[in-house]
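First the structure, in the form of structure tokens, and then the observations on it.
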Amino acid sequence: MTSSSVLVDYAPLIVHWRPPVDLTEEQFFEFCRINRDLRIERAADGEVVIMSPAGGRTGDRNSEINMQLRQWAKRDGRGVAFDSSTGFRLPNGAVRAPDAAWVLRPRLDALADEAKERFLPLCPDFVIELRSPSDELPKLQDKMEEFWANGAQLGWLIDPMDRRVHVYESNVMRRELVNARELSGEPVLPGLVLNLIPIWEPSL
């Protein structure tokens, strides 16, 4: 039996399965389960994307984002916040794991208990992607567009390197914010305000 090491903050590894192998939903879930130390996604065309662990600063930033989102979600009570370990099976067949996500509770309540134990079969209402030093911006933008095409109502692509946020909003042209101090979820997520200072200036 052999094992391989995944380097920190390196570009994702793309595994081409098709046409010789076409994993079923069950097989892909089991593949992810037995490789639980890896963060794995699957594109709509069947390509498997294996991402390296995050570096320290990226991990600190992502933890801060998820803490703020979780705190707001508990106060708001209308939905549930999820971290980057959660997989979502989108309508187009892709399985994606955004860095942070939020889903309205009635949509989750409509799912069977068994479905809640696996990749959630829906697109989040709100997603956040955090760019790490190894991420190519165009690929992250494509991922955000995919979430948008599959039903997301609001999305933030946060780029600490440029202190820039790409905002995806319902019925509004994509826009960018440069060196903003905070982000508001209004009107989609009333009361959500993300403090960006700890993202621009992480604690390590």
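Using the structure shown, decide if residue 81 is among the small types (Gly, Ala, Ser), at pLDDT 85 or above and farther than 30 Å from residue 194 by Cα.
When the stated conditions are applied, residue 81 does not pass them.
Could you list all residues from region 170-194 that are among the small types (Gly, Ala, Ser), out of contact with any helix residue (DSSP H, G or I) (no Cβ under 7 Å at 6 or more places or on another chain) and touching a residue at least 24 places away in the same chain (Cβ under 8 Å)?
Of everything in region 170-194, just one residue is among the small types (Gly, Ala, Ser), out of contact with any helix residue (DSSP H, G or I) (no Cβ under 7 Å at 6 or more places or on another chain) and touching a residue at least 24 places away in the same chain (Cβ under 8 Å), namely 185.
Can you confirm whether region 92-103 contains a residue that is surrounded by fewer than 19 Cβ atoms within 10 Å (Cβ to Cβ), over 17 Å from the mean Cα position of the chain (by Cα), touching a residue at least 12 places away in the same chain (Cβ under 8 Å) and under 22 Å from residue 118 (Cα atoms)?
No, there is no match, as no residue in region 92-103 is surrounded by fewer than 19 Cβ atoms within 10 Å (Cβ to Cβ), over 17 Å from the mean Cα position of the chain (by Cα), touching a residue at least 12 places away in the same chain (Cβ under 8 Å) and under 22 Å from residue 118 (Cα atoms).
Kindly check whether there is at least one residue in region 183-194 that is touching a Pro at 6+ places or on another chain (Cβ under 8 Å), small (Gly, Ala, Ser) and not in a loop (DSSP other than H, G, I, E, B).
No, the conditions are met nowhere in region 183-194.
Take residue 45 and tell me if it is at pLDDT below 95, over 21 Å from residue 140 (Cα atoms) and in a loop (DSSP other than H, G, I, E, B). Walk me through how you get there before you give the answer.
Values: at pLDDT below 95: yes; over 21 Å from residue 140 (Cα atoms): no; in a loop (DSSP other than H, G, I, E, B): yes.
When the stated conditions are applied, residue 45 does not pass them.
Of all residues in region 49-85, which are touching a Phe, Trp or Tyr at 6+ places or on another chain (Cβ under 8 Å), in contact (Cβ under 8 Å) with a residue 24 or more places away in the chain and closer than 16 Å to residue 126 by Cα?
69, 73, 79, 80, 82
Residues 178, 193, 165: which one is farther than 24 Å from residue 95 by Cβ, buried (at least 19 other Cβ atoms within 10 Å of the Cβ) and assigned by TED's automatic domain parsing to the domain that holds residue 134?
Testing whether each residue is farther than 24 Å from residue 95 by Cβ, buried (at least 19 other Cβ atoms within 10 Å of the Cβ) and assigned by TED's automatic domain parsing to the domain that holds residue 134 leaves just 165.
So, residue 162, is that one in a loop (DSSP other than H, G, I, E, B) and not basic (Lys, Arg) or not?
Numbers: in a loop (DSSP other than H, G, I, E, B): yes; not basic (Lys, Arg): yes.
Taking the combined requirement at face value, the residue satisfies it.
Residues that are of a type in the set (Val, Ile, Thr), surrounded by 17 or more Cβ atoms within 10 Å (Cβ to Cβ) and out of contact with any helix residue (DSSP H, G or I) (no Cβ under 6 Å at 6 or more places or on another chain): does region 21-34 have at least one?
There is no residue in region 21-34 that is of a type in the set (Val, Ile, Thr), surrounded by 17 or more Cβ atoms within 10 Å (Cβ to Cβ) and out of contact with any helix residue (DSSP H, G or I) (no Cβ under 6 Å at 6 or more places or on another chain).
For residue 68, state whether it is within 19 Å of residue 189 (Cβ to Cβ) and surrounded by 15 or more Cβ atoms within 10 Å (Cβ to Cβ). Outline the logic, then answer.
Working: within 19 Å of residue 189 (Cβ to Cβ): yes; surrounded by 15 or more Cβ atoms within 10 Å (Cβ to Cβ): yes.
Answer is yes for this residue.
Sort out which residues of region 133-156 are touching a Phe, Trp or Tyr at 6+ places or on another chain (Cβ under 9 Å) and surrounded by fewer than 16 Cβ atoms within 10 Å (Cβ to Cβ), and write them in order of number.
Passing the criteria: only 145.
The values are calculated or read from the model by the stated rules, or taken from the named source; none is laboratory data. Quick caveat, the model's predicted, so the values are computed rather than measured. Cβ: placed from backbone, ideal geometry, glycine included. Neighbour counts: every protein chain shown.
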